[in-house]
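These notes are about the structure you will find just below.
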Amino acid sequence: GELNEIAWLTATKGKPTEADLEAALRLAEKAVELTNRTQPELLDTLAEVLFCLDRVEEALEVIQEAILLDPGQSYYTEQRRRFLGERGKRQNGSQQDSVNTIAHRQVLPEQTSPMAIRRPPAEKSTG
């Protein structure tokens, strides 16, 4: 939903301030709370915001919840690897990819919603 989109964009666009990240954290926590921690993409946003706030241990715990909810989604496993520092460092020295996190999310030119950007299209079942 909207809370999640705002939280994600606040945390990942440009250079958010500490106050921006704290606001994004409140939004992400609310989105996760409203869905009873059952939506992995919302947990991913919360984990991302925690990671941006250098709360790495908490980010790892939350991304693990997303992995358990959607074990077939390799994106969450890659997030965990990034949080662990296995995939590079951000230019400012904190642990994060040097590539923009949105850039490697299988973005199609017509996609504009952060939710569409963040998750690859679901496979359609035949029957």
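Determine which member of the set Leu27, Leu53 is within 17 Å of Arg82 (Cα to Cα), free of Cβ contacts under 8 Å to residues at least 60 places away in the same chain and over 12 Å from the mean Cα position of the chain (by Cα). Give the steps one after another, and end with the answer.
Values: Leu27 fails: within 17 Å of Arg82 (Cα to Cα).
Exactly one residue qualifies, and that residue is Leu53.
Restricting to region 74-88, name every residue that is modelled with pLDDT of 95 or more and open to solvent by 20 Å² or more (accessible area, probe 1.4 Å).
The answer is Ser74, Tyr75, Thr77, Glu78, Arg80, Arg81, Leu84.
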inquiry  = Contact list please: Cβ distance under 8 Å, first residue in region 1-20 and free of Cβ contacts under 8 Å to residues at least 12 places away in the same chain and among the small types (Gly, Ala, Ser), second residue open to solvent by 70 Å² or more (accessible area, probe 1.4 Å) and in a helix (DSSP H, G or I), pairs at least six apart or on different chains.
reply    = none
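The values are calculated or read from the model by the stated rules, or taken from the named source; none is laboratory data. These figures come from a predicted structure and were not determined experimentally. Using ideal geometry, Cβ is built from the backbone for each residue, glycine included, and neighbour counts are taken over all protein chains shown. Heads up: the accessible areas ignore ligands, DNA and RNA and are worked out on the full protein's heavy atoms, side chains in. Shrake-Rupley method; radii C 1.70, N 1.55, O 1.52, S 1.80 Å.
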